[in-house]
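> Questions regarding the structure given below will be posed in turn.
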Amino acid sequence: MPIIHPTHLAIDFSVLSVALALIAFTLAGWGRLTLRLVGIPNARLIDCGTLWVGFTAVTAVVELAQLFIRIDWIASLIAVVVGLSVCLFDKQFSIVQSLKHLVGFFKTYQFGFICLVLLLVVWCLRAMGAPNNVDSGLYHFQSIRWLNEYPLLMGLANIHWRFAFNQSYFGFLALLNFYPFWGKGYATGGLFLLILSLSTVIEVGIRQALLWRWIVGGVLFIYFGYVAGTIANPAPDMAIGLVEIAMSLLLMRLAFATKISSQTDRDFATIALLAFTAVAIKLSGVAFAAACVMCALVFIRGRLSVKSISLIKVALLLAVATLVHSIRSYALSGTIMFPSTVFGLWQKEWTLQLAQIRFETDLILSLARQPDVMDPAGVLGNWHWLSGWMHRLPNHIAILFSASLLAMLFSLARVIKSKNSTDTKTLLLLYLPLLCSLIFWFLTAPDLRFLGAVLPIFIATALWLAVKQTQLRPSTLGHSNFEKWSILQALGVVLVLMVSFKLTGVRAISLEGWQAVPQVNAELKRTDSGFYIFVPGGGGFCWDHPLPCTPVFHPNLRFKDASWTIFDAEFGLYRKYFTTKTNPDPTGNQIYRFPLQDNPSTAPAQLSHP
């Protein structure tokens, strides 16, 4: 039974609630500003699509800004001021009307409103629990701390190779930290995206048939319960899953559209922007993102109410954001999309060793297939792992996937044999992103944590389209009867809520406010060059330990200064970088050396703050 501290809990819960509201209006402002820049009309009221655009814009701007500055409270304040200023001074946007519309919606669905409030309270309390994700201890918290404390340092992956992943989600969390004053962005960011995803389901579903609400909405609500059980961790796996759900929902709304409108324009632009965000958060989302954009192009059929120049502007924004993301990736490890070795810069001293990248890549792919074998050579290049992989697959996952696959085949067969309209057949394109993602996942790293939210989306889509093709539809069972069965619907909502709570883990909620991030005892070690670095004992988890910290100690790690050169011409500008390469330094620069202290309890001031 958790101990209850009413005062601490009330203060922390109030601050978290204010922070969530502040994030919402900040992202709304950035989203409206972005849509205005590309020439796409904004909505009069606050809407989820604009918030997703704002999320994409903020993460991209943070990636650009961190090339030059650290993401501390000043950067956070600037982001908030810009977002709120747009909301306050945009004559086309009414905060008051948005709030009135929200209140009116909740008055119409009073029972649903009560359930939602209860759900959100549980999610907030769950977010304040103690983090427990293994990768969060290895590098998630450390990635956020590097973003908060320093501008981009070249060769950072030489400290720990996982820093090479260059996941943009950490920049968003670092911005929410208001470093060094608050530091709770690691859980607040995931909580906000979860609430935004829930709101997107409601916004899209409110105009859909009852069948869609119960099947698609019900499945996703249950899945959100599972996600809520992980939001105390700053894991990109959760974030990319929620982004994929948002893309799927907007793609469905685009497919349902009977006429072209400003809503259609915004949905298409949002899908395109979120496709970049999905890949920037985690490379495993590339197949899903690309297929979603292709389907969106088919659904709009070139019919947008905006001029072509708006699409060109969207493409230019994506090109600039991709360029910045690529520059960051090169600076961190020497690769454009780690762990891929395509277009790698191996001759630079600050890059990772090519042999190391190939080994880590093979190890990731190997462990996803057969986690009990540490030698990739015995796993990759053959199919001997398949039987063991299928045996380790959880039974409930196998059953759900099989049922979804059968439902998909049934819906395909019904459409092919029937004389349904072209619009109905077009809906089958919704399977394309899911199948592309499943195939890409299975052929690369078939571990469930790399699948994102593809499985629940597949379940929801397949069941919905299958039932849609049968006679068991509201139109034949009597839609009016469904509406009158308020008791039955209420029981259904309660059932979904109970399953969601079960997956969330209500017993793990925090009733004493924010719980502390796990602490570690780390030894201060000195590299061969005289650089000090913390190395934790007992499992190798750094968590949120002061920098620099690494789970794996490299005796040959060096921190260097070198002049920028172009065609062998020096410009007097210097860059700092990490390296573990033992080859002679071609620039002839001296290695940073720091004297060993008699009794060092903290790391020496080796890295100067800006």
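> Across segment 59-96, what is the total count of residues that are more than 21 Å from Leu273 (Cβ to Cβ) and among the acidic types (Asp, Glu)?
Total satisfying the criteria: 1.
> Further, regarding this structure: If you check Gly241 against the conditions, is it open to solvent by less than 20 Å² (accessible area, probe 1.4 Å), within 16 Å of the chain's Cα centre (by Cα) and not acidic (Asp, Glu)?
On the way: open to solvent by less than 20 Å² (accessible area, probe 1.4 Å): yes; within 16 Å of the chain's Cα centre (by Cα): yes; not acidic (Asp, Glu): yes.
Answer is yes for this residue.
> Looking for something open to solvent by less than 50 Å² (accessible area, probe 1.4 Å), in contact with a Phe, Trp or Tyr (Cβ under 9 Å, 6 or more places away or on another chain) and under 21 Å from Ser284 (Cβ atoms) - is there at least one such residue anywhere in segment 397-409?
Checked against the condition, which is being open to solvent by less than 50 Å² (accessible area, probe 1.4 Å), in contact with a Phe, Trp or Tyr (Cβ under 9 Å, 6 or more places away or on another chain) and under 21 Å from Ser284 (Cβ atoms), segment 397-409 yields at least one hit.
> So, one more: Condition first: in a helix (DSSP H, G or I) and either touching a residue at least 12 places away in the same chain (Cβ under 8 Å) or within 27 Å of Val96 (Cα to Cα) (or both). Now tell me which residues in segment 60-71 satisfy that.
We begin by selecting, within segment 60-71, every residue in a helix (DSSP H, G or I); these are 60-65.
If the condition is that a residue be in a helix (DSSP H, G or I) and either touching a residue at least 12 places away in the same chain (Cβ under 8 Å) or within 27 Å of Val96 (Cα to Cα) (or both), then Ala60, Val61, Val62, Glu63, Leu64 are the ones that fit.
> How about segment 33-48: which of its residues are touching an Asp or Glu at 6+ places or on another chain (Cβ under 6 Å) and in a helix (DSSP H, G or I)? Steps first, answer last, please.
First, pick out the residues of segment 33-48 that are touching an Asp or Glu at 6+ places or on another chain (Cβ under 6 Å): 40, 48.
Within segment 33-48, Cys48 is the sole residue that qualifies.
> Still on this model: Please work out which residue is most open to solvent (accessible area, probe 1.4 Å), limiting yourself to segment 67-83 and to residues that are farther than 18 Å from Phe181 by Cβ and either at pLDDT 95 or above or of a type in the set (Val, Ile, Thr) (or both).
The first filter runs over segment 67-83 and keeps only residues farther than 18 Å from Phe181 by Cβ, leaving 67-68, 82-83.
Still in the running and either at pLDDT 95 or above or of a type in the set (Val, Ile, Thr) (or both): 82-83.
Values: Val82: 49, Gly83: 0 Å².
Looking at residues that are farther than 18 Å from Phe181 by Cβ and either at pLDDT 95 or above or of a type in the set (Val, Ile, Thr) (or both), I get Val82.
> Give the residues of segment 372-392 that are exposed (fewer than 13 other Cβ atoms within 10 Å of the Cβ) and either part of a loop (DSSP other than H, G, I, E, B) or touching a residue at least 40 places away in the same chain (Cβ under 8 Å) (or both), sorted by residue number.
Of everything in segment 372-392, those that are exposed (fewer than 13 other Cβ atoms within 10 Å of the Cβ) and either part of a loop (DSSP other than H, G, I, E, B) or touching a residue at least 40 places away in the same chain (Cβ under 8 Å) (or both) turn out to be Asp372, Met374, Asp375, Gly381, Asn382, Trp383, His384.
> When residues of segment 549-560 are filtered for being assigned to a loop (DSSP other than H, G, I, E, B) and either buried (at least 24 other Cβ atoms within 10 Å of the Cβ) or in contact with a Lys or Arg (Cβ under 7 Å, 6 or more places away or on another chain) (or both), how many remain?
Step one: list which residues in segment 549-560 are assigned to a loop (DSSP other than H, G, I, E, B), which gives 550-557.
If we keep only those that are either buried (at least 24 other Cβ atoms within 10 Å of the Cβ) or in contact with a Lys or Arg (Cβ under 7 Å, 6 or more places away or on another chain) (or both) as well, we get 550, 553.
Total satisfying the criteria: 2.
> Follow-up question, since we're still on this one. Which numbered condition in (1) open to solvent by 10 Å² or more (accessible area, probe 1.4 Å); (2) within 23 Å of Gln263 (Cα to Cα) is the only one that Trp214 fails?
(2)
> Continuing with this model, one more query. I need the full set of residues from segment 491-542 which are more than 24 Å from the chain's Cα centre (by Cα), part of a loop (DSSP other than H, G, I, E, B) and farther than 30 Å from Ile222 by Cβ, in order please.
Gln519, Val520, Asn521, Thr527, Asp528, Ser529, Gly530, Phe531, Gly537, Gly538, Gly539, Gly540
> Which helices (runs of 4 or more DSSP H) does segment 122-233 wholly contain that include 3 or more residues that are of a type in the set (A, V, I, L, M) and either touching an Asp or Glu at 6+ places or on another chain (Cβ under 9 Å) or assigned by the TED database to the domain that holds Asp267 (or both)? Spell out the reasoning first.
Details: elements: 141-149, 169-176, 185-205, 218-228.
Once the helices (runs of 4 or more DSSP H) in segment 122-233 are filtered for at least 3 residues that are of a type in the set (A, V, I, L, M) and either touching an Asp or Glu at 6+ places or on another chain (Cβ under 9 Å) or assigned by the TED database to the domain that holds Asp267 (or both), what remains is 169-176, 185-205, 218-228.
> Okay, moving on. Does segment 244-261 hold any residues that are surrounded by 24 or more Cβ atoms within 10 Å (Cβ to Cβ) and among the β-branched types (Val, Ile, Thr), and which are they?
Listed by number, the list holds a single entry, Ile245.
> Also, quick follow-up: Report, ordered by the first and then the second residue, all pairs with beta carbons closer than 7 Å, sequence separation of six or more or different chains, a first member in segment 149-171 that is without any contact (Cβ under 8 Å) to a residue 60 or more places away in the chain, and a second member that is open to solvent by 10 Å² or more (accessible area, probe 1.4 Å) and not in a strand (DSSP E or B).
Arg162/Leu138; Arg162/Tyr139
> Could you list all residues from segment 265-278 that are open to solvent by 10 Å² or more (accessible area, probe 1.4 Å) and at pLDDT below 95?
The answer is Arg266, Phe268.
> Oh, and also: For Arg207, state whether it is open to solvent by 10 Å² or more (accessible area, probe 1.4 Å) and under 21 Å from Ser326 (Cβ atoms).
When the stated conditions are applied, Arg207 does not pass them.
> In segment 281-332, what count of residues is obtained for those that are closer than 28 Å to Phe256 by Cβ and part of a helix (DSSP H, G or I)?
Here is the first cut: in segment 281-332, the residues closer than 28 Å to Phe256 by Cβ are 281, 285-315, 317-318.
From what's left, part of a helix (DSSP H, G or I): 281, 285-300, 308-315, 317-318.
Summing the residues that are closer than 28 Å to Phe256 by Cβ and part of a helix (DSSP H, G or I) in segment 281-332 gives 27.
> Only one residue in Ala10, Ala57 is open to solvent by 50 Å² or more (accessible area, probe 1.4 Å), in contact with a Gly (Cβ under 9 Å, 6 or more places away or on another chain) and either in a helix (DSSP H, G or I) or β-branched (Val, Ile, Thr) (or both). Which one?
On the way: Ala57 fails: open to solvent by 50 Å² or more (accessible area, probe 1.4 Å).
Just a single option satisfies the conditions, and that option is Ala10.
> Among the residues of segment 380-423 satisfying the criterion of being β-branched (Val, Ile, Thr) and modelled with pLDDT of 90 or more, which is nearest to Ile439 (Cα to Cα)?
Within segment 380-423, the first condition is being β-branched (Val, Ile, Thr), and the residues that meet it are 397, 399, 415-416, 422.
If we keep only those that are modelled with pLDDT of 90 or more as well, we get 397, 399.
Details: Ile397: 16, Ile399: 18 Å.
Among them, the one singled out is Ile397.
> Is there a residue in segment 301-320 that is out of contact with any Cys (no Cβ under 7 Å at 6 or more places or on another chain), of a type in the set (D, E, K, R) and open to solvent by less than 10 Å² (accessible area, probe 1.4 Å)? Quick ask: steps written out before the conclusion?
Filtering segment 301-320 down to residues out of contact with any Cys (no Cβ under 7 Å at 6 or more places or on another chain) leaves 301-320.
Applying the additional criterion that residues be of a type in the set (D, E, K, R) yields 301, 303, 307, 313.
Still in the list and also open to solvent by less than 10 Å² (accessible area, probe 1.4 Å): none.
No: segment 301-320 contains no residue that is out of contact with any Cys (no Cβ under 7 Å at 6 or more places or on another chain), of a type in the set (D, E, K, R) and open to solvent by less than 10 Å² (accessible area, probe 1.4 Å).
The values are calculated or read from the model by the stated rules, or taken from the named source; none is laboratory data. None of these values were measured; they are calculated from a predicted model. Don't worry about glycine lacking a Cβ; one is built from the backbone with ideal geometry, like all the others, and counts go over all protein chains shown. Ligands, DNA and RNA are stripped out before the accessible areas are found, and what is left, the full protein with its side chains, is counted by its heavy atoms. Shrake-Rupley method; radii C 1.70, N 1.55, O 1.52, S 1.80 Å.
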